[in-house]
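First up is the structure itself, then whatever we jot down about it.
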Amino acid sequence: MSKSDIPESEKDDNPTTNQSWGGRFNEPVDAFVARFTASVLFDQRLAQQDIQGSIAHAKMLEQAGVLSSSELAAICDGLQQIAAEIAGGSFDWSVALEDVHMNIEAALTDRIGVVGKKLHTGRSRNDQVATDIRLWLRDQIDSIQPLLTKLQQGIIELAASEAETIMPGFTHLQTAQPVTFGHHLLAWNEMLERDFGRLLDCRKRLNQSPLGAAALAGTTYPINREFTAAQLNFDKPTENSLDSVSDRDFAIEFCAFASMLMTHMSRMSEELVLWTSAQFQFIDLPDRFCTGSSIMPQKKNPDVPELVRGKTGRVNGHLIALLTLMKSQPLAYNKDNQEDKEPLFDAVDTVADCLRAFGDMIPAIRANSESMFEAARRGFSTATDLADYLVGKGIPFRDSHEIVGKSVAYGVDQGKDLSEMSLAELQQFSDQIEEDVFEILSLEGSVAARNHIGGTAPQQVRAAAQRALALLKTRN
Ligand code: ARG
């Protein structure tokens, strides 16, 4: 017996008997079980999408001759009133009605009478919820996109203005070779650019309409799935009804995107935290992004990047939660899938908040170019340049590596950087070293020499920033 067949007289007001499916039950659901199985406290977030989907479905039913035009008008009118009530916060949600779908349907029937009971014809909550989450996630993706774009723009613009600023580049967090700060920032942008691609990819794959799959096998009514798909701006109807109601891979894909993005932002966070420390002093963050200590008056803590770094854990957790939820589920719908929502909602909220925080904070970073330069001068960051110089004089690389290694050992002993040694001191290690060595031992010479696409030379950084900005402009 479907809900639409339940006579008004059988409507049970007992809050633990669900009027939508209570027909075959001899006793009310246990009060605890009713609460345990209810999802309305969290899935009410899908309300607007649920109503959108219902309106599209009702319009299709009218075209199919299942609803009359006056019935359609009553349903649409009732649903729109309910949508406004929910948006205004005055809607009375009932846990006894289990989920967002049944709350809205019950409210509709309360309002417009028995016609409301016809809405669910040719539909199941299984295709309904699969539609709602897709619509909801699509909306969220559309609002996350500009947040990511804004962050990228801030990073690229900062990179362009810091194209000449020299800092140490690290491997193993040990000073490796000098790089420009702009180059370092553009590395962040590359990570985010790929994340943006992953987000678009997720949107593309989720944008198909499951509506019409009904409970699992389709429906006997003469439905028009193309029509509802078009009404809801989906690219097309999904191909297989069993798959449509059961898989949540689109939510997993979003969480995979979110985890990757958070991982990237956690790497940025880690660097920001290091760079603001007294030991580095590479950058300053404005006070409004930091907090103090209740006991140590001198403290200015980089809380925003620390929190973003910390929140990566919960988003990674949500990805694992959804993967585990889906693992080994037999076709088709299983109630397990009700557990898809909270992880997905929280992943979306967390990513949006972190992007908003970073989008505001990054453009406000002040680079301390003297500290960066000084740090690059310590740590023999131009040692590779000296080795390359000797190769240019005809010495095989392995030998030049050895020569430079000895020079560095001498420098460590004497407390001198390579560029601070006299020509005579350097010539102890190779008579091939001449006066022109000092240019290549300078930090400016070192970065300028890496002058090719993807290299750290200021000229390349400026060009790369231009290209990156142009790419952002192609987004709509
Ligand atoms: N609240 C349910 C969910 O989120 C809706 C679908 C319920 N379907 C069912 N056959 N019990 O998954």
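Quick one: order Ser430, Ser90 by neighbouring beta-carbon count within 10 Å, fewest to most.
Ser90, Ser430
Suppose every Lys and Arg Cβ carries +1 and every Asp and Glu Cβ carries -1, with no other charges. What dipole size does the chain come out with about its Cα centre, to the nearest 20 debye?
Here the chain has a charge dipole of around 640 debye.
Over the stretch 315-456, what relative contact order in percent results from Cα pairs under 8 Å that are six or more residues apart?
19
So, counting K/R as plus one and D/E as minus one, what does the shell of residues with Cβ under 11 Å around Trp188 add up to?
Net charge in that neighbourhood comes out at -3.
Divide by every residue of the chain the summed helix terms, -39500 (n - 2.57) for each DSSP H run of at least 4, and state the resulting mean residue ellipticity at 222 nm, rounded to the nearest 500 deg cm²/dmol.
-19000 deg cm²/dmol
Relative contact order for the chain using alpha-carbon pairs under 8 Å, separation at least 6, rounded to a whole percent?
Result for the chain is 16 percent.
Taking only Cα atoms, what is the 0 to 90° angle, nearest 10, from helix 69-88's long axis to the longest principal axis of the chain?
50
Can you sort Asp92, Asp385, Asp77 so the residue with the fewest Cβ neighbours within 10 Å comes first?
Ascending Cβ contact count within 10 Å gives the list Asp92, Asp77, Asp385.
Compute the separation of the alpha-carbon centres of the stretch 271-326 and the stretch 352-371 and state it in Å as a whole number.
Between the Cα centre of the stretch 271-326 and that of the stretch 352-371, the gap is 12 Å.
What is the set of long-range amide H partners of Val179 at a cut-off below 5 Å, with H atoms built 1.01 Å from backbone N?
For Val179, whose amide H was placed from the backbone, the distant partners under 5 Å are Met167, Gly169.
Simple spin-label model, 7 Å along Cα-to-Cβ: Ala424 to Cys76 in nm?
9.5
Given R₀ = 56 Å, FRET efficiency for Leu242-Ala470 by Cβ-Cβ distance, to 0.05?
Plugging the Cβ-Cβ distance into 1/(1 + (r/R0)^6) gives 0.80.
If we count other beta carbons within 10 Å of each Cβ, what is the order of Cys255, Cys290, Cys354, fewest first?
Cys290, Cys354, Cys255
Determine how many Å³ per residue the convex hull of the Cα atoms of the stretch 279-401 encloses.
Looking at the stretch 279-401, the number lands at 243 Å³ per residue.
Give me the extension gain from Ser68 to Gln414: residue separation times 0.36 nm, minus the current Cα-Cα distance, reported in nm with one decimal.
Using 0.36 nm per residue and subtracting the Cα-Cα distance, I get 115.2 nm.
Which entries in Lys204/Lys335; Lys236/Lys327; Lys59/Lys473; Lys59/Lys311; Lys117/Lys236 show an alpha-carbon gap greater than 32 Å?
Check vs 32 Å cut-off fails for Lys59/Lys473; Lys59/Lys311.
Each reported figure results from applying straightforward, stated rules to the coordinates on display, with no laboratory input. These numbers were taken from a predicted model, which means no experiment stands behind them. Here the Cβ is made from the backbone with ideal geometry for all residues, glycine too, and neighbour counts use every protein chain on show.
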